[in-house]
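Shown next, in structure tokens, is the structure this report addresses.
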Amino acid sequence: MVIAILFSCEEQVNIDLNQEDFLPKPRSIVNADGTFEITASTPINLLGDEAKVGPIADFFNERINKSTGFELTKRQISGASSGINLYLIDEGEEFSEAYRVEITKNNVIVSSANEAGLFYGVQTLLQMLPPEIHADSKQDIKWQVSTGSVRDRPAYGYRGTMLDVARHFFSVDDVKRVIDHIASYKMNRLHLHLSDDQGWRIEIKAWPNLTKIGGTTQVGGGKGGFYTQEQYKDIVAYAAKQFVTIVPEIDMPGHTNAALASYAELNCDGKATDLYTGTEVGFSTLCVDKEITYKFIDDVIRELAEMTPGEYIHIGGDESHVTPIEDYIPFMERVQGIVSKHNKKSMAWDEIAHAKLKENTIVQFWAEEENAKKGVMQGAKVLMSPAKRAYIDMQYDSTTRIGLHWAAYIEADSAYTWNLEEYVKGVNPDQIIGIEAPMWTETITNMDDIEYMMFPRLTALAEIGWTETANRSWDDYKERLARHSEVWNVKGINYYKSPRIDWE
Ligand code: TNX
């Protein structure tokens with residue numbers, strides 16, 4: 001039996017973690033002595049706006065349908081009933097994404113003041129069920145959860161992953177599977193790195209060659225690919241159902257060879273470059289002196305903004321080694337203006353802090369602490385993605401068959417044993433919007449690779465964003481993780497069996 005002390009805002013309680021191996025760890029858990037069983041005749045009772053609560057009940061039904069064979073009946077109610085109750089009720093809850101799960105022998109009540117919170121309550125309920133709940137065929141077991149209650153809310157509002165679909169292209173189905181993974185650990189942003197030297201991955205109607213030419217290859221010379229606008233909208237809608245917002249990135253002025261190969265006029269010498277399938281960085285730049293460059297950017301951002309409901313467009317700005325700094329600065333300032341013109345806010349890699357930041361521009365810290373500090377000195381907020389801890393394309397150790405190691409080897413514990421508040425001295429908690437775990441894909445070519453690099457680090461980074469630092473410890477996390485890995489076994493995820501963890 002594992003006993004741990006939990007710190008919650010209201011109380012300190014002793015709890016038995018044997019039953020609930022939550023990831024990320026909730027703010028407070030109280031166990032009671034009993035079980036609730038879900039059967040084919042358990043109803044899902046909805047309280048609150050049906051248009052909002054109904055889809056969350058459908059999500060739960062979908063998730064449990066194959067393994068249980070159940071299709072639970074939804075019904076609108078006005079007060080607690082037996083069964084599974086989903087309540088969307090404003091009880092004066094001041095925190096967005098906060099939720100409660102209360103389980104007695106007779107019923108389950110998942111409640112929140114907002115839809116995202118209700119969804120996270122349902123994710124927590126899924127984590128309380130036996131791991132076989134994730135099987136894709138009918139299982140002959142009792143679907144019991146132990147009684148007790150969970151009260152929870154996130155420490156940070158932005159909890160994300162980035163997927164580089166430019167170095168290697170990934171299908172819509174792959175992206176959806178990544179969305180399923182991140183949402184199950186209560187992450188709420190997927191940043192898609194849609195363009196780089198090796199490929200342009202999003203259809204832009206005003207500039208068709210971007211995908212016709214720039215979308216045709218990838219690292220190593222494979223056939224690449226791109227998302228049509230319809231496919232992109234489908235990804236956005238799929239993500240929204242799981243409360244994940246897509247943050248699209250068009251990297252510039254560097255990392256632009258695919259665009260420069262597609263349109264001669266974007267080059268200062270008026271000649272299209274060759275397509276590129278290597279892995280060097282920092283050799284390309286848009287021609288910052290030409291007006292056509294800004295017409296191009298305006299068209300791209302306009303089309304992207306039109307199909308992106310989220311508030312941010314990421315404009316890259318990293319490793320522009322062949323753009324002189326005196327050109328880089330006015331360029332990044334002008335591009336932020338284009339983003340605002342299309343009613344979006346800019347996000348960019350930390351180098352942007354050399355330029356004047358528009359109000360609301362987010363600085364994504366990855367490498368230079370000085371840049372993060374320059375950003376906050378200008379009043380900007382920072383998104384934390386320190387390459388030494390949060391880059392899930394880094395190898396675990398020198399023997400990992402894929403991945404890079406320019407920043408660090410990142411073992412399972414190294415991804416976990418740090419926190420957002422203290423990483424950059426001079427960047428304080430109220431200046432941090434959250435965490436993002438980037439997956440660059442120079443060496444990562446398929447879903448199996450993605451999952452091998454994600455697990456078990458994604459859960460560490462998700463917990464850093466969700467769970468307060470005072471409520472986290474490696475010793476406790478690694479035991480929860482070991483038990484939780486049964487879920488990955490059931491889902492068929494080929495995770496890295498880190499020697500730092502005593503796998504069950
Ligand atoms: C640095 S991180 C890059 C990417 C590479 C990555 C590989 C950043 C903003 N730029 O272009 O893919 O390293 O780890």
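The values are calculated or read from the model by the stated rules, or taken from the named source; none is laboratory data. This one's a predicted model, so the numbers in the text were calculated from it and none came from an experiment. Here the Cβ is made from the backbone with ideal geometry for all residues, glycine too, and neighbour counts use every protein chain on show.
Could you count how many residues in the stretch 101-152 are closer than 21 Å to residue 39 by Cβ, of a type in the set (Asp, Glu) and crowded, with 19+ Cβ neighbours inside 10 Å?
1
Test of understanding: among 396, 495, which residue is out of contact with any Gly (no Cβ under 9 Å at 6 or more places or on another chain) and of a type in the set (Phe, Trp, Tyr)?
Exactly one residue qualifies, and that residue is 495.
Select from the stretch 332-357 the residues that are free of Cβ contacts under 8 Å to residues at least 24 places away in the same chain and in a loop (DSSP other than H, G, I, E, B) and list them in ascending order.
357
Please specify each residue of the stretch 433-458 satisfying the condition of being more than 11 Å from the chain's Cα centre (by Cα), within 11 Å of the ligand (Cβ to nearest atom) and either under 15 Å from residue 190 (Cβ atoms) or not assigned by TED's automatic domain parsing to the domain that holds residue 484 (or both).
Within the stretch 433-458, 440, 441 meet the criteria.
Of the residues 285, 279, which is in contact with a Gly (Cβ under 7 Å, 6 or more places away or on another chain) and either under 25 Å from residue 371 (Cβ atoms) or within 15 Å of the ligand (Cβ to nearest atom) (or both)?
285
Condition first: more than 13 Å from the ligand (Cβ to nearest atom) and either hydrophobic (A, V, I, L, M, F, W, C) or within 30 Å of residue 360 (Cα to Cα) (or both). Now tell me which residues in the stretch 390-410 satisfy that.
Listed by number, the list is empty, since nothing qualifies.
Considering each residue of the stretch 408-441, count those that are more than 15 Å from residue 384 (Cα to Cα) and surrounded by fewer than 22 Cβ atoms within 10 Å (Cβ to Cβ), and give that number.
Summing the residues that are more than 15 Å from residue 384 (Cα to Cα) and surrounded by fewer than 22 Cβ atoms within 10 Å (Cβ to Cβ) in the stretch 408-441 gives 5.
Determine, yes or no, whether residue 387 is within 20 Å of the chain's Cα centre (by Cα), near the ligand (Cβ under 10 Å from one of its atoms), surrounded by fewer than 19 Cβ atoms within 10 Å (Cβ to Cβ) and small (Gly, Ala, Ser).
yes
Of all residues in the stretch 338-357 being touching a Gly at 6+ places or on another chain (Cβ under 7 Å) and away from the ligand (no atom under 12 Å from the Cβ), which is nearest to residue 427 (Cα to Cα)?
Checking each candidate, the answer is 353.
State whether the residues of the stretch 225-240 include one that is surrounded by fewer than 24 Cβ atoms within 10 Å (Cβ to Cβ) and at positive phi.
The answer is yes, given that some residue of the stretch 225-240 is surrounded by fewer than 24 Cβ atoms within 10 Å (Cβ to Cβ) and at positive phi.
Which of the residues spanning the stretch 456-504 are in a loop (DSSP other than H, G, I, E, B) and closer than 25 Å to residue 139 by Cα?
The answer is 492, 493, 494, 495, 503, 504.
Taking into account only those residues within the stretch 243-267 that are among the β-branched types (Val, Ile, Thr) and assigned to a strand (DSSP E or B), which is farthest from the ligand (Cβ to nearest atom)?
Looking at the filtered set, the residue picked out is 245.
So which residues in the stretch 279-295 are touching a residue at least 60 places away in the same chain (Cβ under 8 Å) and touching a helix residue (DSSP H, G or I) at 6+ places or on another chain (Cβ under 8 Å)?
Passing the criteria: 279, 283, 284.
The rows are residues; the columns are (1) touching a Ser or Thr at 6+ places or on another chain (Cβ under 8 Å); (2) under 30 Å from residue 477 (Cβ atoms); (3) part of a helix (DSSP H, G or I).
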{"residue": "46", "(1), (2), (3)": "no, no, no"}
{"residue": "51", "(1), (2), (3)": "no, no, yes"}
{"residue": "61", "(1), (2), (3)": "no, no, yes"}
{"residue": "65", "(1), (2), (3)": "no, no, yes"}
{"residue": "105", "(1), (2), (3)": "yes, no, no"}
